[in-house]
Amino acid sequence: MSIKIKTWLSIALIPLWGCSTTKTVNTPSTATSEATPSQQETNASQVAYEQRMKEARKPCGFISVGYMDVIEGQEQAYLEIEGQWHRIHEHLVSEGKIISWGLAKARANDFGYEYITWKLVRSLADLEQPYDWESIGAWMGKEKLAALLEKTPQTRSISGQEVLALEDYTLPSLDTPPQALDAKNMSFHWDFMTPAEGKAEAYAAVERSVFLPMHQKSQEIQPGYLFWNLQRQVFHTGKANPALFRTVNAFRNDIPEPSPEAQQQINAQIPPFPEGMTYADVQKLRSMKRVTFDVIYRIDENLSAEAKTRAALLGTWTHTNPNGSYRTKVMTPFAEQLSFYRADGTLIQKRDPIPFQVSVSGQDKKFTAFFANGGTWTASFDIKNGLWYEQQQGLLKDGTLTEVAPDAYWIYQRGGTPEKRRDGKQTMAGKEVDLIKSMITHYTQGDFDAYRACYTDDAKIVHNDWGFKKGISVDELMKQDREHHAELERDIEVLKSIYEVVTLPNGSKHGHVWVEMKNTYKNGHVSIIPVFLSLGINKENKIWYEWAFYDTSLLPQASPYREP
């Protein structure tokens, strides 16, 4: 059965792919004893809530595209191979390595394009090492992975690759529930746009100011019209199309086209060209070549680690300060509303909603707020044992790296009621202290099975760094520790030690260790090193973070603990 190409707009509108107002906005405070944060300076020019919300909902930052040439007679085998890659990419999406992935087949075109694949990511850094083959092999089986890597080039070659930046985009209404779409019912026009010499920015401005509103309205009222976006090429290799810009129109094949009368009524609601502008004026700004693609596979962005993490934040959360004052966060999709209260429950301040974005890169989670004065604030966060830990000092403020105290967190519990006030306490005895002492003993004696059992599976490890920017997994820590022990003549000696566990008013437990360790190496070198450890201890009496400082200059040059 043939599939008709959708023509959603009249010829003057040729398809291209491509709450409340905030009054006063404050930045988060670094003080835990006060209910309200300090006032952020406001600019004369305020950014509209709708514009900030759009930025918070940006689908991705970049798109990596591969152009696939299928070997003669191997198309069926190629699609079966891509089916296996589809499952791998579903795994990468669930782990937060990428946002989405897809495969589409080109209809007849002048370029000779056959298939393309794409990956959606939040940043260019996410494209540096998206495939951890050791981890993928452990997940799917090393033999299966090896067979797939061997068969793949037997069915296709990659004729070109490129990276595109998402410049602009339409969005569905927040009131529209996510659509569960069969990928094979989706198609899209991919229009390659080459600006006239010296007209690149003028062309892009027309796409944003003229065509974007047209397509946004069409998405709202046109049955089966999915989305539009504008893409700018960052770089390309091989036979990737050299056009600087792309526009995308995506649509559903399983919804009948409107009747001519219905289409006329739809077109009447689409914003017209600005006065004095015609389609002929647009043609002077760029040339266009279109290729239409039918989707074979597509991973729904709503299944991504980002979407799942964002969904886990929905609802009301409360952080209680040591003096009994507290703050609440009411989290709706893409917006947070902060309120601040005295200890007796008197409302101090209720803010207007602030758009936010969640980004996930592996185990690293970031929360970015978009303020009315145009500023942004980004901090690390995580949800552990039913509590939401949000770093008090932003890693990035308006895009600039800040000084960060990695153990200063707001700790929210679910619900709008503050915790019953209780004083924090410190102890040098008990099961948590015993856990820490056992961990140190197992480490010094090289009993790695017992040592590893002291940590959670997803424990975050940071040594000699501020802000958890260079954190490693607990298994990476074990690897370093094994390498270190392999260099030693005898077990590590503990010369001096102090252990304590502090329980904060919210009930969270944090261990502190001051220890002096003597390392005797096979080469005769001896080092005596003072070490400080801060440890998070969960309700199961396991260590879920480790933050350590020690002088690496006292270690041998080849030590696994030294910076490379």
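Of all aspartates and glutamates in the structure, those lying under 16 Å Cα to Cα from K425, and not within fewer than 8 positions of it along the same chain, are E500.
Computed about the Cα centre, the dipole magnitude for the chain is approximately 1040 debye when only Lys and Arg (+1) and Asp and Glu (-1) carry charge, each at its Cβ. Net charge in the neighbourhood of H319 (other residues with Cβ under 11 Å of its Cβ; Lys, Arg +1, Asp, Glu -1) is 0. Solvent exposure of the chain, expressed per residue, is 48 Å² of accessible area, with all protein chains present and a 1.4 angstrom probe. Placing +1 on each Lys and Arg Cβ and -1 on each Asp and Glu Cβ, with no other charges, gives the range 407-534 a dipole about its Cα centre of roughly 540 debye. The length gained on full extension between Q84 and D294, counted as 0.36 nm times the residue separation minus their Cα-Cα distance, comes to 73.7 nm. For the chain, the 222 nm mean residue ellipticity estimated from helices alone, with every DSSP H stretch of n ≥ 4 adding -39500 (n - 2.57) and the total spread over all residues, rounds to -6500 deg cm²/dmol. Neighbours of L244, meaning other residues whose beta-carbon lies under 10 angstrom from its beta-carbon, give a summed charge of +3 when Lys and Arg score +1 and Asp and Glu score -1. Take every pair of alpha-carbon atoms less than 8 Å apart whose residues are at least six positions apart; their mean separation over the length of the range 38-191 yields a relative contact order of 35 percent.
Dipole orientation for the chain: of the candidates S559, P353, M478, P353 has the Cα lying most toward the positive pole (charges on Cβ; Lys, Arg +1; Asp, Glu -1). Within the set K431/K542; K105/K308; K58/K284; K105/K184; K239/K289; K199/K284, which residue pairs have Cα atoms separated by over 18 Å? From the list (K431/K542; K105/K308; K58/K284; K105/K184; K239/K289; K199/K284), the Cα-Cα distance tops 18 Å for K105/K308; K58/K284. Counting every alpha-carbon pair across the range 182-259, the share separated by more than 14 Å comes to 67%.
Taking other residues whose beta carbon is less than 12 angstrom from the beta carbon of K365, and scoring Lys, Arg as +1 and Asp, Glu as -1, yields +1. Only Lys, Arg, Asp and Glu carry charge here, each on its Cβ (+1 for the first two, -1 for the last two); on that basis the range 67-191 has a dipole of about 320 debye about its Cα centre. Look at the alpha carbon pairs under 8 Å that are at least 6 residues apart: their mean separation over the length of the range 520-559 gives a relative contact order of 37 percent.
Restricting to Cα pairs below 8 Å that are 6+ residues apart, what does the relative contact order work out to for the range 234-349? Please round to a whole percent. Normalised by residue count, the contact order of the range 234-349 is 11 percent.
The values are calculated or read from the model by the stated rules, or taken from the named source; none is laboratory data. Owing to the predicted nature of the structure, the values given are computational and were not obtained by experimental measurement. When we count neighbours, we look across all protein chains shown, and the Cβ atoms used for this are built from the backbone with ideal geometry, even at glycine. Ligands, DNA and RNA are excluded from the accessible area calculation, which covers all protein heavy atoms including side chains. Shrake-Rupley method; radii C 1.70, N 1.55, O 1.52, S 1.80 Å.
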